[in-house]
Structure formats: C-alpha cells, structure tokens
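Okay, structure first, notes after.
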C-alpha cells in the first residue's frame, strides 16, 4: 500500500453494517468512522429520526468539512481507515470527487428483510429510506468511471461464510486477513455514533457474526410495495456480489 487505505463501505440501514464495522475495528490496525454524513443528512433534510437533535449537535453538518476530513489524516495514524456509510446520506447536492479517492465496497440485503426490520423502528418507509436506489446509482457511477465493478457483499451469503467473504474482501484490497475480524468483545465502543443506544442493542450484545436465521416476514401493502420496487436494484447489485468460490 502507498499511504493509508481508506475503505468506504456503502450500505442501507438494517443490514450488518455495524457488525462489519466491529470486524474491521477489531483488526488492531484499522480506525473506523460511523456514518460521518448523518448529521449533515438530518440537518439538510429536516427528517425526524430518533435522537435527531443529538446527532445534529454532535456531528459535522457541513458536508464539505465532513468529506475533507475523510480524505485527511487517519485517526491514530492507522494504516487502514474503514468508513461505514449509509448510501442515502450521500444526498444529490454532495460532490462525489472525494468518493473516487476511496476504496469503495457495497453491502446489500434482500429488500423485504430490510423493510421488515426498518418498520420496527420507524413506522413509515419509502424506497430512498432503505438506500438501495442510492447504492445502485453510486455503484454504476464507480463501475463506469473505473472500468471495473466494486466489490459487493450480500449480507445473508456473508453470514453463511463470514471468514471466506472477509478473506476475499481483504484480498481485493490487497491487505492481510486476520481472524481478529471474526470476533470482538461485547459492548459499546467510543467509535459508535451517538445514535447507538437506539439502534445498536443487538450489536452491543454480539461477540461475532451470527448465522442467518429464517424469519417470517409479514409486510403491509405499502411496505411490500416499497420492498418490491427496490427488488430490481437489489438484483442488479447481487449480480456483482463476491462469490467466495472464486477465491477458493
């Protein structure tokens, strides 16, 4: 590596994005950033999210300053900086030049499962809330500009074989895998966003990735419509997912 490796993992909500952040932070050579555009997103949109005022007060609401910091010095001088991003936080007015300087990857999850989880925390949901439209647009932009598809991880497939997927992802980025990425101490982290008490209860209890469990998904008509409207976007990204057998 020439200089620090800055990894941007783009995801929608209600995925395994926080557990993935735990895995990278536990390497020991990696700083992490938890949703660094969230404060700007809430301040600009005026949306009423849980702990909204606290998030805005605690974070950087100027996207230019936030993105400049993400391209700047890595915390604690670490050689790797893992940046956990929600794709819907990348609002249309935000310039993408800084994104093209990062090592980008995408995390996806079957949309009806995302919506099912999302409506437990917020009653209303639209396609943009779950981030797939924004993920697909950014993925296509990066692929067209670079001439190669960024890596995509499907959450359910990842949870069936986390070590194989992490090894493949590390190989893509040209860094060594460590089994420290598979387990971590339970509890909160100083790196967690201020919103963590509302969203991270399960992650705080966790000590590693858990195998996917079959769940009964029952959506009302509007929630089901949102999930189905996002399915073609999910399937588009799914076609580019990491297949661990390719790295065997």
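Just so you know, all these numbers are worked out from the coordinates, no wet-lab data involved. On a predicted model such as this, the values are computed, not experimentally measured, just so you know. Methodologically, a virtual Cβ is constructed for each residue, glycine included, from the backbone with ideal geometry; neighbour enumeration extends over all protein chains shown.
Remarks
- Residues in region 121-146 that a label on residue 202 would reach, taking backbone N under 14 Å of a point 7 Å out along Cα→Cβ: 121-122
- Placing pseudo-labels 7 Å out from each Cα toward the beta carbon at residue 246 and residue 148 gives an inter-label distance of 1.1 nm.
- Taking the chain as a Gaussian network of alpha-carbon nodes connected by springs under 10 Å, the highest mean-square fluctuation of the residues 96, 40, 85 belongs to 96.
- Calculated FRET efficiency for the pair residue 29/residue 213, C-beta based, R₀ 22 Å, to 0.05: 0.10
- Of all beta bridges that DSSP places with both ends in the chain, some 5 percent have antiparallel geometry.
- If you take the Cα centroid of region 138-199 and the Cα centroid of region 37-114, the two points sit 16 Å apart.
- Distance (nanometres) between label positions extended 7 Å along Cα→Cβ at residue 177 and residue 235: 3.1
- Structure remark: mean-square fluctuation, Gaussian network model of the chain, C-alpha springs under 10 Å; the largest value among 192, 76, 29 belongs to 76.
- Prolate/oblate/rounded call for region 129-227, Cα gyration tensor, a/c under 1.5 rounded: oblate
- Classified by the C-alpha gyration tensor, the chain has a rounded form. Its axis ratio a/c, with a ≥ b ≥ c, is below 1.5.
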